[in-house]
Structures are given as C-alpha cells and as structure tokens.
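The values are calculated or read from the model by the stated rules, or taken from the named source; none is laboratory data. All values derive from a computational prediction rather than experimental measurement. Note: ideal-geometry Cβ built from the backbone for every residue, glycine included; neighbour counts use all protein chains shown. The accessibility values were calculated without ligands, DNA or RNA, using every heavy atom of the protein model including side chains. Shrake-Rupley method; radii C 1.70, N 1.55, O 1.52, S 1.80 Å.
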Amino acid sequence: MSPVESIFQEFIDAIQTATNADEFERVATRLTQRLGFQQFAYLSLTGETPMLISSYPKSWTSRYFQLRYQQLDPVVRRARAEHALFSWGGEASALAGNREQRRFFDEATTFGIRSGITVPIRGGFGRMAAFTLATGDRDLHPERLVADGKDLVHLVGLHFHCHVAARLDVPSAGKLAASELTQRERQCLAWTARGKTVADIAVLVQIAPRTVIFHLENARRKLGAVSIAQCVAEALRRGLLS
C-alpha cells in the first residue's frame, strides 16, 4: 500500500466511528496535517443557518459569520459555481476580485489562511457544501498539490460530506433503495469510492473495463447524478454502499 493509499485508508477507517462535530474535526485535522496542510474547513449551506466544522481559529470563524462573510468569500462563491476541485490564494488573490474581496483575503491571511484547495459539493434545491484544506505557508503551492493529489482530496471531501450529512444534519433526498442498484453497480461504485480506477475495478471484479463504465453509468442515471463523483457521493449519503 502506497503512502497516499495508507493516508486515505486511515481516514476512511477513522471517519466511520465519528458521531459528532468534535470527532469529525479530529479526524479531518489529522488528515490535514498528514497531507501537509495546516487547517481545514467544511462549510455546509443547506438552509438559513450555515454549518461549519473546521480547525480555523475560533476568533476568525466567529467574525466570519458575524460579518456574513459567506456571502462575500470568493472561495464559497466559486464553489457555488463550479463542480471541480480548485486551488486558490497566494499572490493571485492579492490581485483578484473587488476591493472588499481583496480585503477579505488580507484579513484571512492574518489568521493563517493564505492559500488552499477546495472541493465543491453540490446538492439539489440550491444546497451546497465545500471542503477546504488551507495553509498559511508562503512556500506551499496548492496548485502543485492539486496536480499531485486531486483525486485523493476530492474523495476525502465527498466522504467527509456524506458522513457528516448522514450523522449530523442533512435530510435524505430520494427514496432509491439499495436493491434498486444491481450488485455489480454497487460493487463498481464501492471500489470507485475507494479511489480505484476503471482499469483497477475491471481486474478486481473480473469484468471488462467497458462493462465497468456501463455499470457506473447505469448507477449514475438511477441516482440522478451529473457525474460519477456525484453519483458516488449520493450513494454514500443514502447508505447504498454500506
């Protein structure tokens, strides 16, 4: 098992046992440090009251919500508009956005939040969440980490969201039962959730790669997802892969 696979497996094992916000924070904090970042934040905007689980300084998060920065934050605004993981911060942020947004980034930097990578997580009816790994280190370049480990971080963000949603607050959407996915569809989705490629799954399940794609696409249509990543997240959230 490679170091990256070991980190991911440890995270998956640990998050299975988390039952409250403090435990989720401890699991994500350990993962954050092992991946070379300093802080993390999970922000869910599913209603009028945002939910945050993070290792950011409490003085910053209190100020963030007091001043309703979630409406100004360029990272949150971008997460609302995009589906793919993205990097942010660094020198580019000093020149991007309007004056208020630049001032926001300057202020965040004073709390050790200089740059990072974010996984947007989209739901129906305007629901969204974002999972972020951040650092105050000038020498850490998130865009390089995105290139090297984006699949791992993407899976981590989806798993974190799904377990939080299942145990803390997010209502279930849809009535699809596990029996409505075939055994092969559940197998292929379960391996995908563990970071395996189509080629890997073909070997593990002993079917052709094109058949793996066929099963994944069938599951995607059944769950009403726009991508395989969203399909995996939805299947996890509904408990279809347990």
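Structure data summary
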| item | result |
| --- | --- |
| Filter result (at pLDDT below 85 and in contact with a Lys or Arg (Cβ under 6 Å, 6 or more places away or on another chain)) within region 188-240 | none |
| Hits in region 70-85 (condition: in contact with a helix residue (DSSP H, G or I) (Cβ under 7 Å, 6 or more places away or on another chain) and under 25 Å from Gln33 (Cβ atoms)) | Asp73, Val76, Leu85 |
| Residue count for region 10-32, restricted to those that are of a type outside the set (Asp, Glu), part of a helix (DSSP H, G or I) and open to solvent by less than 60 Å² (accessible area, probe 1.4 Å) | 11 |
| Pair list, Cβ under 8 Å, 6 or more apart: region 79-94 residue part of a strand (DSSP E or B), other residue at pLDDT 90 or above and of a type in the set (Lys, Arg) | Phe86/Arg78; Trp88/Arg78; Gly89/Arg114 |
| Index of the failed condition, Tyr56 passing every other in (1) assigned to a loop (DSSP other than H, G, I, E, B); (2) over 15 Å from Gly116 (Cβ atoms) | (2) |
| Residue list for region 174-187, restricted to those being modelled with pLDDT under 90, outside any loop (DSSP other than H, G, I, E, B) and among the polar types (S, T, N, Q) | Ser179, Gln183 |
